[in-house]
Amino acid sequence: MATIDVLKVLASEPRLRILQWLKEPNRHFSPHDGVDMIEIGVCVSQVAQKLDMTQSTASQYLTMLLRAGLLTTERIGKYTYYKRNEVAIARFAEAMAKEL
């Protein structure tokens, strides 16, 4: 995804907060079904609750971050867990440093 497209995704305060929270999930979210939030991630319902918004809106935000390459997912049972894609975030930061 082009740098400008990633910036558009990050131009939303809630989406930016999600990325910030996922940097330290154990600090910002309660455990869910015993899943290791560092290794596996955080589920949509946890994000929706933290943002105080509907699950469908939180899901849309997470999907936008995923499509931008900033998140990865893992499906366990009926839940999809999201975590940061640290490699992609580092590449984006490098691109920003070069372009600006």
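The values are calculated or read from the model by the stated rules, or taken from the named source; none is laboratory data. Remember, predicted model here, so these are calculated numbers, not experimental data. Neighbour counts are summed over all protein chains in view; Cβ atoms, including those assigned to glycine, are modelled from backbone coordinates with ideal geometry. These accessible areas exclude ligands, DNA and RNA; they are computed on the full protein's heavy atoms, side chains included. Shrake-Rupley method; radii C 1.70, N 1.55, O 1.52, S 1.80 Å.
Quick check on A95: is it more than 10 Å from the chain's Cα centre (by Cα), touching a residue at least 24 places away in the same chain (Cβ under 8 Å) and assigned to a helix (DSSP H, G or I)? Yes, satisfied. Taking region 52-89 as the range and being open to solvent by 50 Å² or more (accessible area, probe 1.4 Å) and either closer than 14 Å to L10 by Cβ or among the aliphatic types (A, V, I, L, M) (or both) as the test, the residues that pass are M53, M64, L66, R67, I76, V87. Tell me which residues, restricted to region 46-56, are part of a loop (DSSP other than H, G, I, E, B) and either hydrophobic (A, V, I, L, M, F, W, C) or in contact with a Ser or Thr (Cβ under 7 Å, 6 or more places away or on another chain) (or both). The answer is M53, and nothing else.
Being in contact with a Cys (Cβ under 7 Å, 6 or more places away or on another chain) and of a type in the set (S, T, N, Q) is the filter here, so list the residues in region 79-100 that pass it. Across region 79-100, the qualifying residue is only T80. If you go through region 38-51 and keep only what is surrounded by 14 or more Cβ atoms within 10 Å (Cβ to Cβ) and either in contact (Cβ under 8 Å) with a residue 24 or more places away in the chain or of a type in the set (D, E, K, R) (or both), you end up with I40, G41, V42, C43, V44, V47, K50, L51. For region 11-34, taking the residues that are at pLDDT below 95 and of a type outside the set (D, E), the one that is farthest from L62 (Cα to Cα) is identified as G34. Looking at region 12-45 only, could you name the residues that are of a type outside the set (A, V, I, L, M, F, W, C) and part of a helix (DSSP H, G or I)? Within region 12-45, E13, P14, R15, R17, Q20, K23, P25, N26, R27, H28, S45 meet the criteria. Answer with yes or no whether P25 is open to solvent by less than 20 Å² (accessible area, probe 1.4 Å) and without any contact (Cβ under 8 Å) to a residue 60 or more places away in the chain. Considered against the rule, which asks whether it is open to solvent by less than 20 Å² (accessible area, probe 1.4 Å) and without any contact (Cβ under 8 Å) to a residue 60 or more places away in the chain, P25 comes out as yes.
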